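The values are calculated or read from the model by the stated rules, or taken from the named source; none is laboratory data. What you see is a predicted model; the values in this text were computed from it and never measured. Here the Cβ positions follow ideal geometry from the backbone for every residue, glycine too, while neighbour counts run over all protein chains shown. Areas reflect the complete protein model, heavy atoms only, side chains present, ligands, DNA and RNA absent. Shrake-Rupley method; radii C 1.70, N 1.55, O 1.52, S 1.80 Å.
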Amino acid sequence: MRLNSQRKKTNQIADTREPMELNELEKVRLQKVQELAEKGISAYPTRSFITTTIKDACAAFEKAEAEGQPSPEVTIAGRMRSLRVMGKLAFTHIEDGSGRIQLFLRINELGDQLQFFKDYFDIGDFIEAAGTVTRTRTGEISLQVTSIRMLSKAISPLPAEKEEVVDGVTIRHTALTDPEIRYRQRYADLVVNPEVRNIFRTRAKIVSALREFLDGHDFLEVETPVLQPIYGGAAAKPFVTHHNQLHQDLYLRISFELYLKRLLVGGLDRVYEIGRDFRNEGVSFKHNPEFTQLEFYCAYFDYLKVMDFTEEMIRFAAEKALGTTKIKYGEIEFDLSQPWRRVNMREGILEKTGIDISKYETSEALEAVMKEKGIKVKPGMQRGKLIDQLVSDFLEPTFLQPTFLYDYPWEISPLAKRKPDDPTTTERFEGYLAGMEICNAFTELNDPIDQETRFIEMGRTYSEEDEEHNPIDEDYLRAMRYGMPPNGGFGMGIDRLTMLFTNKSTIREVLLFPHLRDRDQAQSEEIE
RNA sequence: GGGCGUAUAGCUCAAUGGUAGAGCAGUGGCCUUUUAAGCCAUUUGUUUUGGGUUCGAGUCCCAAUACGCUCACCA
């Protein structure tokens with residue numbers, strides 16, 4: 001039922017679809033496509049005959065120039081990004097994935113083809129040009145074009161981009177700035193705003209640096225199910241889906257944790273996974289419904305070893321992705337080559353609020369003292385949640401420099417091992433950079449009896465309807481009963497790390513296709 | 001979900017309640033070293049949508065939608 005109604009909303013039936021309405025500019029360009037076809041020229045030919053990339057063509061020219069050799073003859077291709085036509089000559093810049101070069105078109109070399117170019121070629125088109133690389137009078141490396149071909153005609157004009165370089169600073173006179181269009185039409189954003197492409201190059205470098213680091217420490221990269229019959233490993237509401245043939249409801253995973261730790265039982269001592277988690281919750285500048293997570297588990301590590309390892313890994317990622325460990329995030333600067341501050345949660349809260357949480361063992365007692373101190377509390381919160389609130393109100397905002405906050409109350413850490421000398425506290429830490437929570441780790445609970453007790457306890461604290469109420473994963477308990485090595489586990493949001501490394505204030509900037517409301521759906525819902 | 005803000009030409013933006021404009025892009029013309037090329041001419045609008053107030057609404061009011069900021073939610 002649910003799926004049917006969704007399908008109705010989002011998919012247009014193909015045979016009832018009207019042809020796309022084109023604006024005047026698009027009609028003019030479509031007309032050019034048709035006129036070319038009448039001449040027997042395809043605006044979308046099947047093959048290109050390039051001999052090199054733009055970057056390599058420029059490099060070859062500079063080498064030949066330095067050695068006094070003749071200029072290279074090349075065939076290159078790219079998207080037209082600027083156009084200046086003047087009578088019997090024209091200049092245009094084309095851009096491929098490697099770079100940008102100016103084309104210099106003269107009637108002397110091109111003859112009739114110059115008029116052909118002026119009649120049918122527009123900014124945004126992909127074109128192929130053959131010729132000799134030279135310098136123009138102003139010294140700019142340019143291709144002196146002897147023949148030119150259309151490779152792919154752009155019907156829709158790109159959002160206009162005009163650039164001027166003054167004293168080495170690029171001034172963009174008009175650009176695509178509306179965030180809604182930028183995210184909905186990311187392809188246009190990427191074409192017109194080159195710095196956006198760099199965000200995703202950096203992101204890719206971060207991910208491959210993390211892989212390199214973990215692979216180098218003998219970790220095995222694995223893949224575990226995204227579709228899960230039982231969700232768990234985090235307190236979050238899941239997305240629900242359905243397998244038709246099996247008549248089975250399935251959840252999109254909210255974490256990888258329970259599957260990865262099953263692998264430790266199986267003898268894979270060091271495992272990690274980089275992949276997508278899905279949480280059916282609010283969207284904000286640091287929350288997207290699907291996000292990329294790194295989790296690793298390492299046998300015979302405890303949370304202190306994980307802390308050291310985390311420092312090393314994030315420093316490595318910064319060096320590889322940015323070439324520096326010094327990060328500037330807005331007004332905040334920090335250096336990842338330095339050890340992180342380590343703050344004990346009880347001591348941290350005591351210092352900031354004067355409340356010693358170890359002296360208030362029930363939620364009632366803690367709530368009372370918080371009220372006494374003038375802290376606003378929602379009535380009926382559990383002790384763990386109250387402590388969580390103290391952390392986010394009084395500690396988190398102070399963690400601008402790299403900080404580990406450690407030793408969390410057991411109530412909000414059902415998968416973490418208790419401290420040997422204090423069963424109300426677990427060996428857990430979260431890492432903070434620039435005030436933002438970036439990772440979460442603990443000495444993993446491997447005692448199947450304690451784990452079972454905690455699952456049952458957790459069940460009591462949530463009502464049946466509460467979607468954060470995880471069903472007990474009996475198979476996970478069975479796995480643990482076979483014996484799980486002591487181990488340290490770790491989870492980190494790749495999107496947030498990318499935000500920090502690229503100095504972006506919203507998660508949407510570091511996601512190629514961030515989740516946005518569906519406009520068509522809103523309209524068809526009204527019709528229904 | 002709550003609060004605040006924004007929505008005008010393909011793009012970036014103007015317009016005191018009184019004929020909806022500019023630059024760029026487009027189209028036509030001139031132009032053999034330009035790079036925001038230049039010069040001349042010229043086209044482009046359901047002012048997001050639906051109501052209301054008014055002689056008259058892009059502008060004021062109400063509602064809807066989307067986006068932004070923010071709060072809530074978020075181990």
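In whole percent, how big is the carbon plus sulfur part of the accessible area of segment A:24-157, probe 1.4 Å, protein atoms only?
On segment A:24-157, the fraction of accessible area on carbon and sulfur atoms equals 52 percent.
Report the extension gain between A:E221 and A:M86 in nm, rounded to one decimal, defined as 0.36 nm multiplied by the number of residues separating them, less their alpha carbon distance.
My answer for the length gained is 42.8 nm.
So in chain A, what percent of DSSP beta bridges are antiparallel if you round to the nearest 5?
Antiparallel bridges make up about 90 percent of those DSSP assigns within chain A.
Do you know the relative contact order of chain A, to the nearest whole percent, from alpha carbon pairs under 8 angstrom that are 6+ apart?
12
Determine which residues of segment A:484-509 fall in the zone a paramagnetic label at A:E312 would reach in this model, i.e. backbone nitrogen under 20 Å from the point 7 Å along Cα→Cβ.
Label zone hits: A:486-492.
For segment A:24-157, what is the relative contact order in percent, using Cα pairs closer than 8 Å and at least 6 residues apart in sequence?
Answer for segment A:24-157 is 28 percent.
Per residue, how many Å² of accessible area does chain A show with a 1.4 Å probe?
It amounts to 53 Å² per residue over chain A.
If amide hydrogens are placed 1.01 Å from N in the peptide plane, which non-local residues have theirs closer than 5 Å to the one on A:L220?
The answer is A:R270, A:V271, A:Y272.
Pick out, from A:A90, A:Q31, A:I101, the residue whose Cα sits farthest towards the positive end of the charge dipole of segment A:24-157, with +1 on the Cβ of Lys and Arg and -1 on the Cβ of Asp and Glu.
A:Q31
Could you give P(r) for chain A, binned at 10 Å from zero, as whole percent values over all Cα-Cα pairs?
Result returned by the calculation: 3, 14, 21, 20, 16, 12, 9, 4, 1, 0.
At 7 Å along the Cα-to-beta-carbon direction for both A:S42 and A:V28, put a label point, then send me their distance in nm to one decimal.
So the label points at A:S42 and A:V28 sit 2.8 nm apart.
State, to one decimal in nm, how far the label point of A:N244 lies from the label point of A:S147, with both points 7 Å from Cα in the Cβ direction.
Here the modelled spin labels are 5.2 nm apart.
Calculate the FRET efficiency for A:N280 and A:E351 from the Cβ-Cβ distance with a Förster distance of 41 Å, rounded to the nearest 0.05.
With R0 = 41 Å, the Cβ-Cβ based efficiency is 0.65.
Place a point 7 Å from Cα of A:A365 in the direction of its Cβ. Which residues in segment A:411-449 have their backbone N less than 19 Å from it?
A:411-412, A:419, A:421-426
With charges only on Cβ, +1 for K and R and -1 for D and E, what is the dipole size of chain A about its Cα centre, in debye, rounded to 20?
Charge dipole, chain A, about its Cα centre: 1420 debye, nearest 20.
With only Lys, Arg, Asp and Glu charged, each at its Cβ (+1 for the first two, -1 for the last two), find how big the charge dipole of segment A:24-157 is about the Cα centre; round to the nearest 20 debye.
220
Can you find, among A:G431, A:L250, A:N193, the residue sitting farthest towards the positive end of the charge dipole of chain A, where Lys and Arg contribute +1 and Asp and Glu -1 at Cβ?
Projecting each Cα onto the dipole axis, the largest value belongs to A:N193.
Highest mean first, what order results for A:350-362, A:221-233, A:120-132, A:484-496 on Cβ atoms within 10 Å?
A:484-496, A:120-132, A:221-233, A:350-362
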